[in-house]
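Input: a single structure, listed below in structure tokens.
The values are calculated or read from the model by the stated rules, or taken from the named source; none is laboratory data. From a predicted model like this one, the values you see are computed outputs, not experimental measurements. Every residue, glycine among them, receives a Cβ derived from its backbone with ideal geometry; neighbour counts consider all protein chains shown. The accessibility values were calculated without ligands, DNA or RNA, using every heavy atom of the protein model including side chains. Shrake-Rupley method; radii C 1.70, N 1.55, O 1.52, S 1.80 Å.
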There are 2 protein chains.
Amino acid sequence: MEFFFDPSSVAVVGASPERTGKSLLLNTAGSRDVAVYPVNPKYQDLEGLTCYPSVAAIPHPVEMAILLVPARFTPQILEECAAKGVRGVMIQSAGFAETGEDGRELQAKCVAIARQAGMRLWGPNCMGLVDVPGNKYFTFMSPNITGVLPPHGNLSLVVQSGMLSAGFLADLATRRGIAVNKACSIGNKCDVDECDVLEYLLGDDTTKGVALYLESMPRGRRFMELAEGASKPLVVLKSGRSASGAKAALSHTASLAGNARLTQGLLQAVGVGTARDFHQLVDLGRSLSLLPEIPAGARVAVLTFSGGAGILSCDLLEDNGLPLAELAPATLGELAKVFPVWMPPGNPVDLWPAMELHGPGPTLDHAVQAVSQDPNVDLVLLHTFLGGTQDQVNLARYKELLADQGKGMVFWALGLDQPVKEFETQAQAEGVPVFGELARTVDCLAAAARPRARAGAVPRPQASGNPLPTDLPPTLGVWDEYQAKRLLRAWEIPAVAEELVEDLEQARAAADKLGWPVVLKGLLPGEVHKSEKGLVCLNLDIPDKLEREFQRLKKVMEGQGSLVLQAQRKPDYELIVGYLKDAQFGPCVMLGMGGVTAELEPDVAFEMAPLDPSRALAMLGRLRMARRFDGFRGETPLNREALAQLICSLGDLGASHANISQVDLNPVAVCQGEPLALDANIIWEA
Amino acid sequence: MEFFFDPSSVAVVGASPERTGKSLLLNTAGSRDVAVYPVNPKYQDLEGLTCYPSVAAIPHPVEMAILLVPARFTPQILEECAAKGVRGVMIQSAGFAETGEDGRELQAKCVAIARQAGMRLWGPNCMGLVDVPGNKYFTFMSPNITGVLPPHGNLSLVVQSGMLSAGFLADLATRRGIAVNKACSIGNKCDVDECDVLEYLLGDDTTKGVALYLESMPRGRRFMELAEGASKPLVVLKSGRSASGAKAALSHTASLAGNARLTQGLLQAVGVGTARDFHQLVDLGRSLSLLPEIPAGARVAVLTFSGGAGILSCDLLEDNGLPLAELAPATLGELAKVFPVWMPPGNPVDLWPAMELHGPGPTLDHAVQAVSQDPNVDLVLLHTFLGGTQDQVNLARYKELLADQGKGMVFWALGLDQPVKEFETQAQAEGVPVFGELARTVDCLAAAARPRARAGAVPRPQASGNPLPTDLPPTLGVWDEYQAKRLLRAWEIPAVAEELVEDLEQARAAADKLGWPVVLKGLLPGEVHKSEKGLVCLNLDIPDKLEREFQRLKKVMEGQGSLVLQAQRKPDYELIVGYLKDAQFGPCVMLGMGGVTAELEPDVAFEMAPLDPSRALAMLGRLRMARRFDGFRGETPLNREALAQLICSLGDLGASHANISQVDLNPVAVCQGEPLALDANIIWEA
């Protein structure tokens, strides 16, 4: 990827004296440390540079080429680039897969040419690449926009929408004082995709965090693996979640949108933050890239100039699960020195009355000094009003004081436009996150306190690859629950005790053995809706009832299928555990709460398989209803290790057999804390 | 209240040649149509005005007085004001109830003096009142802040925090191009409170909507009644929800925070929007005050310059339950005229390729014209980039086109700082809401499509006042369930059939009569945890079991209490219906989902009692699980009318008897769609 990000020489094919061809040339030629060769048969020179009729005609080596020419000329130019030894081509022109069948064919042809030549393709239909601190603008975006970007910024963007690498950057820079490090617009991503770019950025020293806007994740598995191994914070905004959004995504980027819930669940599993808005994406990203990683339960001190804002901060912190720090007696004593006598200091630290006595600057200095020394404080949330007294916020000093103690700091800044802008610029230079809305400020603080990707943590296990038991030959399609549970038991997954029964005598004997009451089920080939079809008989507590239902089922089933008898278990609650082989994310496991409520408001967690118990245990904690596992209302606490092992075993079973496309353990009953699969489905594909 | 908002004459007590006393005088004296008399014994004139040694010394009538003097002088000055015939006094000074016991006493003394004299008190500890279009600044906030407020604005603020009526207004004005109509800072609200001010603003012609930031709602019932009758949209940010926040609220405004969930539920019931952040409060408020009221299911057309932003808009609209409009064939035909051939128009309307062909301005004009005529479109969400082409957004024309068809319009504006600011100013003048973040834009659009307060709708019923049945004399404290259900049945609330049983023979006869299986319960005086104490025997399906449990209970209860036998019902699901008499909100009813899940993630709706069936039916719809009532998974749909009637009857029972402090119907079983109280508690207070 280096030849895209830092090429020594670039051919600009389609450079011209006007419009986008001119902007592209000016931007590229104005970039640092790069030789630029305009290519256009119509001109001999452009903007003071020699213009060549073709790539072949350039009398120098060319490392990268940027194409801004009508789509139909692209294959021919790619052949020329290949012959010239160009390593990477960035196609910024539109008119490819996003325009329909013809465009898709054209795009495929381009990819074939590049693959053949060992060349990488970036785009097409993209805005290219911007590296703000590196001063490289490989993009046709208007130069008057690039002129407004401030030089700082340690957050890099990878975006599947041109707007986000152009107008959006100008908005961030001029309206919010925010600069990015690199912005990579990947367009149709016919070859280079978010994984390639992310991999590069993870190794890029000046990038401290990456925010991605994605409409599709075709190499989802690879993405998740990269994210899990990342040593930098990542945030993703994945669009195309809604039915209508997915439709628009399809026509817009010619790529399929993934399953929203699975995507979200896996991002959470690998410690990636998620956003629902463009600006929020950048706010979360810059907050994460500036703040230190914060342990769970980090305690916050709030320094404010407004009692009301202090109270609201408490509400917002509580919503986000961030505890308010109990200030140490020494800190309270220090604060009392500047507080009026009638007001005992506390947290939130309402500095207004003290500011009226001593002035805003000295009061704030004193308070920051005090909380920086407090062992009960991990994070400081500062509120400030900028409107003439902004010179009194000693940002650099506060940052030093707090950083010395390993404490993070964020600002909520309110005030007059110009002073706030100056403060934002100063804060950006100091690496301190500043936000304009209080709720956003607290949300970003909370994001910094959530577990991040665990680079270098427990490696993922390999699938055992254990073969199926010889007495369990696979059947194509849906396995009946008896067959499915036999296989599950072979992987040591606890499943309810049961026996096939052929006649009444066997049924009675089995019931006596398994223990009354029992459940009798009719298994018909391919039938997955047993309850709805009246094939499940519950509460058989005496032989008479068993006999009656046995006869009834025999009749209903007309000699087909088989009957299975199970011990009836009364669960405290039910879970769903599943396995699926996803086109984008590969083998995955799911854990969810069962029951009707969960069906209306799903409560699920996902992981990639195979997985180890520590990852499975973390899944339990990600359910909204996780508190239930502690033994809610006097129930026996869940045997978490047993459930984690069950999930791991299921993941191993699936990952060891590529033919298994789906497994449903539904329900997994929890009885006296122990998980037990009561029903199961396996789908075996050819 | 008129004498606070539009006084003909104002005495400024505590005017001075410097600091806040000077700001207050300058602001007041600079206000329109008001005679201003500075009062301060130290000076003879101030800022060119004659300064009087006391209120009494002013040789003119004084309608309103503003006090900015040390708190201890206040009672004496109030006496003077009363003698002078002043109608309202605004105490802006601090040093009252917010400072502790002494301050509380001082404040009470002030209230007593005012009440005695028939004078109203505003404050203390407040920033007073700002009326931007009326050009009245009765506040000590710095005049350089008032100078930056633009003159437009139809949203008024009522705030229990000084910051929100000062620095926050400057932030809104200079950073977001937003002005308010009036900002009322009510401080400790010792006399004039949010209800008084709201009532005034509801009658104020220039106020089109009201946003309130409140830390307490001591006259909660009155507030809700005003809100329900309001013909203007209201939005509330209620802080002090968290335990820590409530503590801070207590010390900050010397007022108690209400029950967060009840407050939220009632605000929803009376059609008031709610916010979680200051800026969001204003964004929601201005959106509601500018947009027409939008029917449920309003269909949105999205006009965008970015495919990615179009897709994300779909996601956000779906999250908010707003459907995307299916554009009519005529509209699609119109759009096709400007679209490139390879791109079929759809919704979201991605105008970028068309803009490249025809220029942004003409393309947008054409598209707005087309969707304005589309009968399938109720709302238009426009995305715009301002950076040189902003002159091409014909705001006034678009507004006219859409308003003619009764359609609302909101803008998401991205771009360079200056052009965006100009656009915001223009939009504010045109009355079109503009937002800087896409998610906020959609959230505000969605808020406009939620049911508003229903001014003049169904009036609230009166409590029937029916007396208790003569054979049901009230007992103090907790009633046992048998007694409670007898009273419920007198109010025609369906409760499970049951009989008191004294011996085994009675029990068997009752079971035969009620139908097996039965439930036997032991009722002990004051005992509300029957299940936990082993006093509930379920699944008694044969006489043997009944006998065994009857003997066991008799023994356990040692001759105390009584035994009740009930038919055992197997509910499809369980609800909780409750009544409570709240200190702030008076008689209220609650409806909630039952079960453990709901206990971990409460799903509840509230209303004030007494209430009519239409309000009770609306409660059903406000539960997150409302879909279940339609007959989820083949269950019988809920008899909604029966449940609504049950809720109304319970509300009437409570509202008719002031001694009833609480009623719990828990659970209310839903069996084949019919609600039936299985257990009940009534708490009767002296």
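Here are the numbers for this structure:
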item	result
B:Val282 vs. criteria at pLDDT 95 or above, touching a strand residue (DSSP E or B) at 6+ places or on another chain (Cβ under 9 Å), closer than 23 Å to A:Glu318 by Cα and open to solvent by less than 10 Å² (accessible area, probe 1.4 Å)	yes
Number of the exception - B:Arg454 against (1) under 34 Å from the mean Cα position of the chain (by Cα); (2) modelled with pLDDT of 95 or more	(2)
Number of the condition not met by A:Thr74 [criteria: (1) open to solvent by 10 Å² or more (accessible area, probe 1.4 Å); (2) part of a helix (DSSP H, G or I); (3) of a type outside the set (A, V, I, L, M, F, W, C); (4) away from every other protein chain (no Cβ under 14 Å)]	(1)
For B:Leu565: the one exception among (1) under 20 Å from the mean Cα position of the chain (by Cα); (2) open to solvent by less than 30 Å² (accessible area, probe 1.4 Å)	(1)
Members of the range B:630-646 found to be at pLDDT 95 or above, assigned to a helix (DSSP H, G or I) and either among the hydrophobic types (A, V, I, L, M, F, W, C) or over 24 Å from B:Gly578 (Cβ atoms) (or both), listed by number	B:Ala642, B:Leu643, B:Ala644, B:Leu646
Residue count, the range B:613-624 (criterion: buried (at least 16 other Cβ atoms within 10 Å of the Cβ) and either at the interface with chain A (Cβ under 9 Å from one of its Cβ atoms) or under 26 Å from B:Ser464 (Cα atoms) (or both))	8
Residue among A:Leu650, A:Leu678 that alone is open to solvent by 10 Å² or more (accessible area, probe 1.4 Å), touching a strand residue (DSSP E or B) at 6+ places or on another chain (Cβ under 7 Å) and outside the structural domain of A:Pro525 (by TED's automatic domain parsing)	A:Leu678
Test result for A:Ala35, surrounded by 22 or more Cβ atoms within 10 Å (Cβ to Cβ), of a type in the set (Gly, Ala, Ser), touching a residue at least 12 places away in the same chain (Cβ under 8 Å) and on the phi < 0 side of the Ramachandran plot	no
Check on A:Val55, assigned to a strand (DSSP E or B) and either of a type in the set (Ser, Thr, Tyr) or surrounded by 17 or more Cβ atoms within 10 Å (Cβ to Cβ) (or both)	no
Conditions (1) within 14 Å of chain A (Cβ to nearest Cβ); (2) in contact (Cβ under 8 Å) with a residue 24 or more places away in the chain: number failed by B:Cys110	(1)
Tabulated pairs, the range B:295-318, first more than 21 Å from A:Cys126 (Cβ to Cβ), second of a type in the set (Ser, Thr, Tyr) and surrounded by 24 or more Cβ atoms within 10 Å (Cβ to Cβ), C-beta under 6 angstrom, 6+ apart or interchain	B:Val302/B:Ser313; B:Asp315/A:Ser239
Condition met for B:Val596 (outside the structural domain of B:Lys530 (by TED's automatic domain parsing) and open to solvent by 10 Å² or more (accessible area, probe 1.4 Å))	yes
Residues of the range A:328-343 satisfying the condition of being open to solvent by 30 Å² or more (accessible area, probe 1.4 Å) and either in a helix (DSSP H, G or I) or within 8 Å of chain B (Cβ to nearest Cβ) (or both)	A:Pro329, A:Ala330, A:Leu332, A:Gly333, A:Glu334, A:Ala336, A:Trp342, A:Met343
Wholly within the range A:414-525, helices (runs of 4 or more DSSP H) carrying at least 1 residues that are closer than 30 Å to A:Leu290 by Cα and among the hydroxyl-bearing types (Ser, Thr, Tyr)	A:417-430, A:438-448
Single unsatisfied condition, A:Leu402 versus (1) open to solvent by 10 Å² or more (accessible area, probe 1.4 Å); (2) under 27 Å from A:Val272 (Cα atoms)	(1)
Matching option when the condition is more than 14 Å from every other protein chain (Cβ to nearest Cβ) and of a type in the set (Asp, Glu), among A:Asp315, A:Asp350, A:Asp365	A:Asp365
Output for the range B:580-594, where each listed residue is touching a strand residue (DSSP E or B) at 6+ places or on another chain (Cβ under 6 Å) and either within 26 Å of B:Pro637 (Cβ to Cβ) or in a helix (DSSP H, G or I) (or both)	B:Val589, B:Met590, B:Leu591, B:Gly592, B:Gly594
Within the range B:435-453, tally of residues that are of a type in the set (Asp, Glu) and more than 9 Å from chain A (Cβ to nearest Cβ)	1
Residues of the range B:17-36 satisfying the condition of being touching a strand residue (DSSP E or B) at 6+ places or on another chain (Cβ under 7 Å) and part of a loop (DSSP other than H, G, I, E, B)	B:Pro17, B:Gly30, B:Ser31, B:Arg32, B:Val34
Boolean, A:Ala29 is without any contact (Cβ under 8 Å) to a residue 40 or more places away in the chain and open to solvent by less than 60 Å² (accessible area, probe 1.4 Å)	yes
Matching residues, the range B:656-675, being open to solvent by 30 Å² or more (accessible area, probe 1.4 Å) and in contact with a strand residue (DSSP E or B) (Cβ under 9 Å, 6 or more places away or on another chain)	B:Ala658, B:Asn659, B:Gln662, B:Asp664, B:Asn666
Subset of the range A:84-103 (residues that are within 14 Å of chain B (Cβ to nearest Cβ) and either at pLDDT 95 or above or open to solvent by less than 40 Å² (accessible area, probe 1.4 Å) (or both))	A:Gln92, A:Ser93, A:Gly95, A:Phe96, A:Ala97, A:Glu98, A:Thr99, A:Gly100, A:Gly103
Leading residue by the ranking (nearest to the other protein chains (Cβ to nearest Cβ)) among those in the range B:627-647 that are open to solvent by less than 60 Å² (accessible area, probe 1.4 Å) and under 29 Å from B:Ala490 (Cα atoms)	B:Phe629
Matching residues in the range A:144-156 - criterion: being surrounded by fewer than 19 Cβ atoms within 10 Å (Cβ to Cβ) and within 12 Å of chain B (Cβ to nearest Cβ)	A:Asn144, A:Gly147, A:Val148
Residues satisfying the stated conditions in the range B:287-327, i.e. touching a Lys or Arg at 6+ places or on another chain (Cβ under 7 Å) and surrounded by fewer than 21 Cβ atoms within 10 Å (Cβ to Cβ)	B:Glu293, B:Pro323
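Residue by residue, here is whether (1) open to solvent by 10 Å² or more (accessible area, probe 1.4 Å); (2) within 17 Å of B:Arg276 (Cα to Cα) holds:
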| residue | (1), (2) |
| --- | --- |
| B:Pro419 | yes, no |
| B:Thr425 | yes, no |
| B:Gly431 | yes, no |
| B:Leu438 | no, no |
| B:Thr441 | no, yes |
| B:Leu445 | no, yes |
| B:Ala449 | yes, no |
| B:Arg452 | yes, no |
